Structures are given as structure tokens and as C-alpha cells.
Amino acid sequence: MKSSLLYGVLFGAVAVNGFAADPPFFSWKTGGFQVYMLVENRGQGRPGILIGASGAQLEHYFPGGTYTSETNTFLIRGGGKTVLVDTGFGGALFDSLRQLKIDPAEVDAVLLTHLHGDHTGGLSREGAALFPNAWVYLARQELAAAPANTRQLLAPYGNRVETFEPPALGTAAPELLPGIRAAAAFGHTPGHTVYLVEDGGEQLIIWGDLMHVQGIQFPLPDIAVTYDSDAAAAIASRREILEYAARYRIPIGGMHLEYPAIGKVEKAGQGYRFSPAP
């Protein structure tokens with residue numbers, strides 16, 4: 001399978017939430033799809049969220065005691081559709097769409113990896129859908145486990161909420177939208193889902209919260225985080241998808257990977273090595 005080619009970086013360096021760093025956009029081509037990684041939030045995280053890391057490992061991977069913490073969303077244009085994967089907190093996302101000259105009413109679909117607040121905050125506000133013409137897609141298992149206050153974010157979309165049963169990555173699955181399929185990555189939440197974008201022999205896995213702290217979870221994938229609802233299942237999903245991406249040389253993109261948040265994975269000992277896109 002051919003790997004995707006870097007298409008370009010948009011705009012200049014800015015500060016996101018007061019944290020000076022890289023540009024807020026990154027652009028990537030997957031076949032005929034144009035994929036934009038949009039930075040929603042960037043700051044400093046502390047490794048106290050990690051489960052299973054020894055003191056020596058923390059000192060080795062985080063000598064300064066912190067790491068860059070980032071929240072991203074992804075925008076996909078192609079196949080006659082404009083599609084968002086997650087909505088972040090619902091802040092910088094809308095600034096990004098304006099700069100890309102995309103009206104929220106143009107968004108045809110919102111694919112949700114899961115229902116945590118940093119992925120659903122841009123769905124609705126004060127009872128109104130912020131993407132008034134979009135259908136919302138999420139795993140049936142995720143909706144079934146959702147508390148009432150989270151369901152309220154979906155309520156303004158009415159009958160435009162579509163649920164599905166995500167299969168294992170690599171198994172035959174129908175397209176949710178042209179060139180886009182879903183796959184199960186349960187563990188972080190009961191219905192956590194990744195999305196596979198494919199066109200012209202090229203692929204990209206947008207893997208949601210499969211990983212939170214790339215500095216340690218690539219080399220040591222058995223480290224979990226306190227946000228995981230089922231740490232053992234989250235570890236199993238992470239290892240399965242890392243192995244799949246490495247074996248078939250499929251680029252990945254993640255909601256908590258550091259800018260550019262898209263790159264390639266390869267085996268490195270008992271863990272993996274991540275090579276960010278240039």
C-alpha cells in the first residue's frame with residue numbers, strides 16, 4: 001500500500017491558548033482526499049495520568065517532568081463530502097474553519113471517535129446544532145454507555161444521528177461515507193472507534209485517543225492512562241492497531257499526538273517508533 005504524500009503546511013506559527021508553538025493547521029493528501037489536521041488546544045501535560053510507568057521510565061522519557069499536550073480534530077474533503085472527525089472543545093475549531101473558508105453549514109458529516117468532552121464540545125450549544133446540515137456517526141456501544149448530559153449534545157441532530165457496529169480493523173466493513181470506514185478500538189471508552197480513509201491505494205488511520213502521551217506510549221505501548229475506562233482493553237487495541245499500521249505502512253493521525261499529528265509507525269524492539277510527517 002502506498003503511503004500518503006505530504007501536501008503542505010498552512011499559515012504561520014501562532015500561539016494556541018497562549019502556548020507558542022507550531023502552526024494550527026497541517027495538510028495531508030490521501031489519494032484524492034484532502035485531510036486537514038486542526039489544532040484545537042495545546043499546552044503542557046504532566047505524566048501523572050500514566051498507569052504502569054515506573055519512576056525510572058518517567059525520568060527517562062520526561063526529564064523535565066512535563067510533555068506537550070495537544071488536542072486535535074481532523075477535516076476530510078473529498079468524495080463529494082466535507083467531513084469532520086470529532087469537534088474538539090468547540091473553540092479553535094471554528095476559527096480554523098473560517099480560515100479555511102468553510103461554513104459549518106457545509107459540513108456533511110461529523111464522525112465521532114468517542115463521547116468525551118474534548119471531542120464533542122463543538123457539536124451543539126444552547127440546544128442548537130453547530131453543524132446544522134450534518135449527520136453524526138458514532139458506535140452503537142458508545143451511545144449506549146453515554147450519560148444523559150452527553151446525549152443532550154446529540155439531541156439537536158434528531159434523526160440525523162447514525163449508529164453502527166465497528167468491526168475489527170482489517171476486516172471487511174461497509175463504507176460509512178465514500179472512502180471512509182470505521183473500525184473498533186475499544187478500551188479508552190466502551191465504543192471508541194478509529195476511521196480509515198482510503199483512496200487510490202493510499203490510506204490514513206485517524207485513531208482518536210488510541211494514544212495520549214506519544215513520548216512514552218509508542219516505545220512502551222502497555223502504558224495506559226487514567227482516562228481509559230478499561231485499561232487492559234485500551235492496551236490491546238493500541239497494540240493491535242500499531243501492529244497493523246506498521247505492517248502495512250499506513251500513516252496514522254491522532255487527536256493527542258503532537259504537531260503535525262500525522263506520521264508513520266514502525267516496529268522498534270518491543271515497542272514502536274513514530275516518524276512525524278516532515
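The values are calculated or read from the model by the stated rules, or taken from the named source; none is laboratory data. Keep in mind that what you see is a predicted model, and the values were worked out from it rather than measured. Ideal geometry is used to build each Cβ from the backbone, glycine not excepted, and the neighbour counts take in all protein chains shown.
Some points to look at:
- Any hit, segment 164-177, residues being closer than 25 Å to Lys29 by Cα, crowded, with 21+ Cβ neighbours inside 10 Å and in contact (Cβ under 8 Å) with a residue 60 or more places away in the chain: yes
- Lone unmet requirement of (1) surrounded by fewer than 21 Cβ atoms within 10 Å (Cβ to Cβ); (2) touching a residue at least 12 places away in the same chain (Cβ under 8 Å); (3) assigned to a loop (DSSP other than H, G, I, E, B) for Ile235: (3)
- Residue match in segment 180-199 (condition: touching a Gly at 6+ places or on another chain (Cβ under 6 Å), surrounded by fewer than 21 Cβ atoms within 10 Å (Cβ to Cβ) and in a loop (DSSP other than H, G, I, E, B)): no
- Subset tally (residues that are in contact (Cβ under 8 Å) with a residue 12 or more places away in the chain and over 23 Å from Asn41 (Cα atoms)) for segment 244-258: 6
- Residues of segment 153-179 satisfying the condition of being assigned to a helix (DSSP H, G or I) and touching a strand residue (DSSP E or B) at 6+ places or on another chain (Cβ under 8 Å): Leu153, Leu154, Ala155, Pro156, Tyr157, Arg160
- The residue of segment 200-230 that is surrounded by the fewest Cβ atoms within 10 Å (Cβ to Cβ), among those that are within 18 Å of the chain's Cα centre (by Cα) and small (Gly, Ala, Ser), is Ser229.
- Top-ranked residue in segment 130-163 [being of a type in the set (Phe, Trp, Tyr) and in contact (Cβ under 8 Å) with a residue 40 or more places away in the chain; ranked as surrounded by the most Cβ atoms within 10 Å (Cβ to Cβ)]: Phe131
Every residue, every condition in (1) at pLDDT 95 or above; (2) under 21 Å from Asp209 (Cβ atoms); (3) within 17 Å of the chain's Cα centre (by Cα), yes or no:
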position	(1), (2), (3)
Leu115	yes, yes, yes
Asn133	yes, no, no
Tyr137	yes, yes, yes
Ala144	yes, yes, no
Gly158	yes, no, no
Phe164	yes, yes, no
Thr171	no, no, no
